[in-house]
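Just below is one structure, and these are the notes that go with it.
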Amino acid sequence: MAMRQTPLTCSGHTRPVVDLAFSDITPYGYFLISACKDGKPMLRQGDTGDWIGTFLGHKGAVWGATLNRDATKAATAAADFTAKVWDAVSGDELITLAQQDSNYLLTGGQDKLLRIYDLSKPEAEPQVVSGHTSGIKKALWSSDDKQILSADDKTVRLWDRNTMTEVKAINVSMSVSSMEYVPVGEILVITYGRTIAFHSAETLEQIKSFEAPATVNSASLHPEKEFLVAGGEDFKLYKYDYNTGEELESYKGHFGPIHCVRFSPDGELYASGSEDGTLRLWQTTVGKTYGLWKCVVPGKNFMKFENNFPILTTEDLASENSDSIYSSTPEVKA
């Protein structure tokens, strides 16, 4: 009997989850941050989904969230027209940021402008880059911060960081729903309509593309480029072989459209965020002992507890949407 996906469901948000990001692997594991329309981004342990804290301070829906490499700092952007930088350890809102990989913050918005803030000089005006013809949906650093990738409605642009000039632009047939930058191999993953497209992040030349059965809102490439996962408007998650494009798995992932999916830095799991207000963690290899998932002898379907924590079995444990194993988190500062 084939093993069934048993996701870990992370509750706590009260509105749709619209963005998420993982940190790199640190001496304390890796971490996951989520952005939500409830205006309260949350930090979690990446491999288990355990809630760590909530960043309180935005006065509108939070549309984007990210962590620096060692998960000591977080950045969020919201509908209150602010971008905030946080100490991810204490939860305090910061004035300056000292990241390992960059001392700059890149933002884009409905005013069609890219802004680069030098966070070591908070009093200085940001650099402003114009050229987009509609509101900017996504902006990413690439090539060791030497280039910038940005997308508006149906255009993806590549910028030179030093000269702040456009290097190349490509047009797509439908509105861009997401972008993911993969540093190893310099790959840019773009989703629009039912299309999942892979481009060179250095030239924007297309590498390949796949078509999904329904509109895709987000896609993520496995760190070793073996698989990709995608989710969208039909509430389902799809897993594909990156080399052949073959659909390997598909299953109902949430009780609402899926807005964002991302692989963990070690590739052992992927996270999804949905209109239903939950985050879910999924195993890349079903049945492998990892995090809260424990492998058991086939045919013995039960849940055990160790130190008051559930041990999930993966052989026909539950339905495709298991009950949440996390209760709603208190609204306290991280």
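Our note on the geometry: Cα centres of the range 212-243 and the range 41-70, 23 Å apart. GNM remark for the chain: springs join alpha carbons under 10 Å apart, and the peak mean-square fluctuation among PRO257, PRO223, PRO27 falls on PRO27.
Here the range 152-285 is treated with +1 on each Lys and Arg Cβ and -1 on each Asp and Glu Cβ, and its dipole about the Cα centre works out to around 200 debye.
Take the Cα of THR155, step 7 Å toward its Cβ, do the same at VAL128, and the gap between the two points is 1.8 nm. Hey, could you get me the Stokes-Einstein D for the range 100-227, Kirkwood radius over alpha-carbon pairs, 37 °C and 0.692 mPa s, rounded to whole µm² s⁻¹? In µm²/s, the coefficient is 217. Restricted to Cα atoms, the range 215-297 shows a radius of gyration and a Dmax of 12.4, 38 angstrom. Extension gain for TRP63 to GLU246 (0.36 nm times residue separation, less C-alpha to C-alpha distance): 62.7 nm. Relative to the globular-protein estimate of 2.2 N^0.38 Å, the Cα radius of gyration of the range 73-159 stands at 1.10. With the simple spin-label model, which puts each label point 7 Å out from Cα in the Cβ direction, the PHE81 to THR26 separation comes to 3.3 nm.
The alpha-carbon positions of the range 151-226 define a convex hull whose volume is 86 Å³ per residue. Note on SER209 and VAL184: their simple-model spin labels are 2.7 nm apart, each label 7 Å out from Cα toward Cβ.
Among the protein heavy atoms, those of ASP92 account for about 70 Å² of accessible surface (1.4 Å probe, every chain in place). For the range 1-97, the orientation-averaged shadow of the C-alpha convex hull comes to 7.0 nm² (one quarter of the hull surface). Size descriptors for the chain (Cα atoms only): Rg and Dmax, in that order, 19.5, 64 Å.
Positive end of the charge dipole of the chain (Lys, Arg +1 and Asp, Glu -1 on Cβ, about the Cα centre): tell me which of LEU106, SER218, SER143 has its Cα farthest that way. Farthest along the dipole direction, towards plus: SER218.
Measuring max minus min along each principal axis, the C-alpha atoms of the range 150-306 give extents of 60, 29, 29 Å (largest first).
Applying 1/(1 + (r/R0)^6) with R0 = 30 Å to the Cβ-Cβ distance of SER143 and GLU226 gives a FRET efficiency near 0.80. Computed from the C-alpha gyration tensor, the three semi-axes of the ellipsoid equivalent to the range 45-93 are 19, 12, 10 Å, from longest to shortest.
The values are calculated or read from the model by the stated rules, or taken from the named source; none is laboratory data. All figures in this text were calculated on a predicted structure; none of them were measured in a lab. For neighbour counting, all protein chains shown are included, and Cβ atoms are generated from backbone atoms with ideal geometry for every residue, glycine included. Side chains included, ligands, DNA and RNA excluded: accessible areas come from the protein's heavy atoms. Shrake-Rupley method; radii C 1.70, N 1.55, O 1.52, S 1.80 Å.
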